[in-house]
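Worksheet: the structure to be examined is printed underneath.
The values are calculated or read from the model by the stated rules, or taken from the named source; none is laboratory data. Everything numeric here is computed off the predicted structure, so don't read it as measured data. Here Cβ is always computed from backbone atoms with ideal geometry, including for glycine, and neighbour counts include all displayed protein chains. The protein model used for the area step is the full one, side chains on, heavy atoms only, and it has no ligands, DNA or RNA in it. Shrake-Rupley method; radii C 1.70, N 1.55, O 1.52, S 1.80 Å.
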Amino acid sequence: MIVALDCATETGFAVMNDAGALTDGGTQEFSLQRGESSGMRFRRFNLWLRSTFPELGTGDLVLFEQAHQRGGPATEIGVGMATRVMEWAAEFGADYKAVHSRTLKKCVTGKGNAGKPEMIEAVNAKLGMAVDNDNLADALGLVIWYRAGMPEGASKKKAPKAAKAREVAG
């Protein structure tokens, strides 16, 4: 089984069985209620992971979009959920893999800096679906990335300017 997660306040998820068929998908909201601490979001996320995917085990794979250092609450939520995903997968003996958003977008749309509408459009075209939620589209994009053989890297690294200058001079 493959569980693909786009971890955020509105988490997108997709599940692919061992035969390669999509068996579940959707979104789950983890907004805080008035007066709640940030810890309650993570507590609900932990409970949701365990109750929604109770059959996770050895040989399964959890894919999730890598959290970025955007600053503020977005970073806190992304990193907090990512650590809980890693802990949950390890607890049940499943493997896990964080996928950089540029790598994911490059695989799904052909463009590493694609926007949300482009991701939704590409996911719908590749899977023959009518997804209208960017969180679900990102989770399904992780399934597409997996089916494509998990290609790494979205772009070639550029040589530093000093190295280029030596090449020209030499």
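Residue count for the stretch 118-135 under the criterion of being closer than 14 Å to G12 by Cβ and surrounded by fewer than 14 Cβ atoms within 10 Å (Cβ to Cβ): the result is 1.
Residues that are among the charged types (D, E, K, R) and touching a Ser or Thr at 6+ places or on another chain (Cβ under 8 Å) within the stretch 1-49 comprise E10, E29, R41, listed in sequence order. All conditions but one from (1) more than 25 Å from M150 (Cα to Cα); (2) surrounded by fewer than 17 Cβ atoms within 10 Å (Cβ to Cβ) apply to E55; the one that does not is (1).
Restrict the check to the stretch 130-150 and report whether at least one residue is under 23 Å from R41 (Cα atoms) and without any contact (Cβ under 8 Å) to a residue 24 or more places away in the chain. There is no residue in the stretch 130-150 that is under 23 Å from R41 (Cα atoms) and without any contact (Cβ under 8 Å) to a residue 24 or more places away in the chain. The residue of the stretch 99-117 that is nearest to F13 (Cα to Cα), among those that are surrounded by fewer than 15 Cβ atoms within 10 Å (Cβ to Cβ) and either under 14 Å from the mean Cα position of the chain (by Cα) or of a type in the set (S, T, N, Q) (or both), is K116. Looking across the stretch 87-133 at every residue that is polar (S, T, N, Q) and not in a helix (DSSP H, G or I), the one that is nearest to A148 (Cα to Cα) is identified as N113. Could you check the stretch 24-52 and list, in sequence order, the residues that are open to solvent by 60 Å² or more (accessible area, probe 1.4 Å), at pLDDT below 95 and not in a loop (DSSP other than H, G, I, E, B)? Within the stretch 24-52, no residue meets the criteria. Residues of the stretch 1-23 that are closer than 15 Å to Q66 by Cα, among the hydrophobic types (A, V, I, L, M, F, W, C) and either part of a loop (DSSP other than H, G, I, E, B) or touching a Gly at 6+ places or on another chain (Cβ under 9 Å) (or both): A4, L5, C7, A8, F13.
For the stretch 138-149, state whether one or more residues are among the aromatic types (F, W, Y), within 25 Å of L22 (Cβ to Cβ), out of contact with any Lys or Arg (no Cβ under 8 Å at 6 or more places or on another chain) and modelled with pLDDT of 95 or more. Yes, the conditions are met somewhere in the stretch 138-149. Scanning the stretch 58-86 for residues that are in a loop (DSSP other than H, G, I, E, B), surrounded by 15 or more Cβ atoms within 10 Å (Cβ to Cβ) and either touching a residue at least 40 places away in the same chain (Cβ under 8 Å) or among the β-branched types (V, I, T) (or both) yields a total of 2.
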